[in-house]
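Here is the structure we will look at, set down as structure tokens.
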Amino acid sequence: MSNSVLVICTGNICRSPYAEAKLKQLLPQLKIASAGLATEVSRLQNKPADRLAIKIAEEFDVDLSAHKANQITQELVEEYDIILAMEPGQIEILRDYFPSAEYKTFLFGHWINVKCIDDPYRQGRHAFLYAFTTINKAVSGWVEKLT
């Protein structure tokens, strides 16, 4: 059984923080965190979640107000049993930089047959609603498999 889950996306200010918070709501017994592949290069390290992400998340009873963006590191890769990515390209990047992630990295949308949960950043309300609704569906699949 897996005891820890790391969710990744690009900047760690929209998708992965929401997925992290949703998983924590439903799997409080697990260690769950999130990180971004390009958080530092995008100058987002320690920045809060996107304002629209916070607002839309509230509509789904998820609080992102305390979130601070975090860059993925080798230490995080080693610390977590499962790593969940939002897009296939993110898995490729992760495996290139962190070969030890190869056999524990999966698509977040795997159990609902969704290969890519598109980044809603700067795409407006509809994009956030669509992304977060898709994440909610995917969370249900992971909750079933992780319990």
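General observations
- Just so you know, the Cα atoms of the stretch 14-73 work out to an Rg and Dmax of 11.4, 33 Å.
- Annotation: the residues Ser100, Ser42, sorted from fewest to most other C-beta atoms within 10 Å of their own C-beta, follow the order Ser100, Ser42.
- Option label - Kirkwood radius over Cα pairs in Å computed here, alternatives (1) 17.3; (2) 14.8; (3) 17.9: (2)
- Neighbour-count order for Ile82, Ile32, Ile72, fewest beta carbons within 10 angstrom listed first: Ile82, Ile32, Ile72
- Order of Thr133, Thr105 under a 10 Å beta carbon neighbour criterion, fewest first: Thr133, Thr105
The numbers here are math on the coordinates, done by the rules we state, and not lab data. Since the model is a prediction, treat every value here as computed from it, not as a measurement. Here the Cβ is made from the backbone with ideal geometry for all residues, glycine too, and neighbour counts use every protein chain on show.
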